[in-house]
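Accompanying notes for the structure given below.
What follows is calculated from the coordinates using simple rules that are stated; it is not laboratory data. Quick caveat: nothing in here was measured; it's all calculated off a predicted structure. Note that we place each Cβ from the backbone using ideal geometry, even for glycine, and neighbour counts take in every protein chain shown.
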Amino acid sequence: MSIFKTGQNPNVYALCNVYYDSNKIDIPCEPSLGVPSTSPSTSVSPTSSSVPTSTPDCSCDVGEFKFELQLKTDEYPVETSWHIEDGNGDNLVSESGYNDRLKIFNHEYCLPVGCHDFVIDDSYGDGICCSYGEGYYRGIVYGWNEVFDGGEFGSQAIESFCGEDVCPFATHYPSTSPSVSLIPTSSSAPSMDPQIFQIPNTPFYIGMTGKYWDECKSHAESYHFDFASIRNQQENDAVADYLQVNSIASVWLGGYQTSSDDEPAGNWVWLDGSPWTDSTYTNWNTGEPNDENNEENYLELYNFRKWNDKERDRFLRCLFRDPTASFAQKNSPTTEPTTSSKTAATTASLNIETLTWTALTFFESIVTFFKNLLPF
């Protein structure tokens, strides 16, 4: 699925709250790399030419991601102003009052995880390019991933983008590690990886950091997981509920096309060998699969429960499946565990037990006191 806007780099994909002819179209979004693959394949690892080698900027807190705006002004900088608003329409950051002509400004922020709108205004109505200087703007997430750019617009341009906390937990808190009980580490069961957490009451595990599809495949093999298949509505809902609660826009699934002979809906299979036929469960989003640009051969699950075909070199979390576990009756989804939250819960439990014991001891003392006073 690819949506383009005026002045946008044709290699950049925007997937949420897209504006077209002044009409807002709400589409689920996720952080994308903006580097489409030129020749999709099912090789185990992406080629070096299609995969950036940069690592994410992990200077922000948990639940945030690094966003950088590069802005070059035109000959009339005082006309330019901009702001970033969240999904509720609340302003997060804003800038105006530029006075330096044809100058490049770099703004860096830690934004909350989720989808946001970058809104730039020109009071004269001629944008920042190209009648009076070649101004431009660029949005970059994670310190290296350009998600939008532009400059040619009238009075206003709106660019939608998303970000996740793609940094490992230990990067935020190097002195601690997430406390989580994983499944047994026998030769037939998945082994422990501190950056993989279980979705409660399910056989599914989710990675804490974003990866490419081929990297998810390799990671599953390394830790004896299956790259997840979704076999029915109950499983699909359980995963989607967890994604929604934790503000995760989408994840990779272990589905892919073995060939492009019957595009877009033919030759889909599950990597773990689960059957995929006309009679088995699927949950495609409206208009999907569509094999956009003849490159979308890999399966993504949105947090609103629908599936999408996608290029393999996009930066999403991985969904794994324990091949030795069965699906239990799911309870309400929970947020991802952290050391601090688990410690707080344990402390609260101990405090309650201590208070209960103290109250009972006090009550028994009062009863004994009155028994000693009474003549019977």
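Compare the peptides 75-84, 245-254 by average per-residue count of other Cβ atoms within 10 angstrom and give them in order, highest first.
Packing order, densest peptide first, comes out as 245-254, 75-84.
Whole angstrom only: what separates the Cα centroid of segment 50-103 from the Cα centroid of segment 113-169?
Spelled out, the Cα-based centre of one part sits 7 Å from the other.
Suppose each label sits 7 Å from its Cα in the direction of the beta carbon; what would the Arg305-Gln244 distance come out to in nanometres?
Here the answer is 0.8 nm between the modelled labels.
Name the long-range amide H neighbours of Tyr256: under 5 Å, sequence gap of 5 or more, or other chain; modelled H, no Pro or chain starts.
Amide H neighbours of Tyr256, under 5 Å, 5+ apart: Val269, Leu271.
May I ask you to evaluate 6.51 cos²θ - 1.76 cosθ + 1.60, the Karplus curve with θ = phi - 60°, for each residue of segment 247-256 and list the ³J(HN,Hα) values in order in whole Hz, giving x for glycine and proline?
Coupling constants for segment 247-256: 6, 9, 5, 6, 9, 6, 10, x, x, 7 Hz.
Under the 0.36 nm per residue contour assumption, what length would be gained going from the current alpha-carbon distance of Asn106 and Ala325 to full extension?
73.9 nm
Treat segment 228-325 as a sphere of radius equal to its Kirkwood radius over Cα pairs and apply Stokes-Einstein at 4 °C in a medium of 1.567 mPa s; give the translational diffusion coefficient in µm²/s, rounded to a whole number.
My calculation gives 95 µm²/s for D.
Would you mind putting 196-204, 267-275 in packing order, based on average other-beta-carbon counts within 10 Å, highest first?
Answer by packing, highest mean first, reads 196-204, 267-275.
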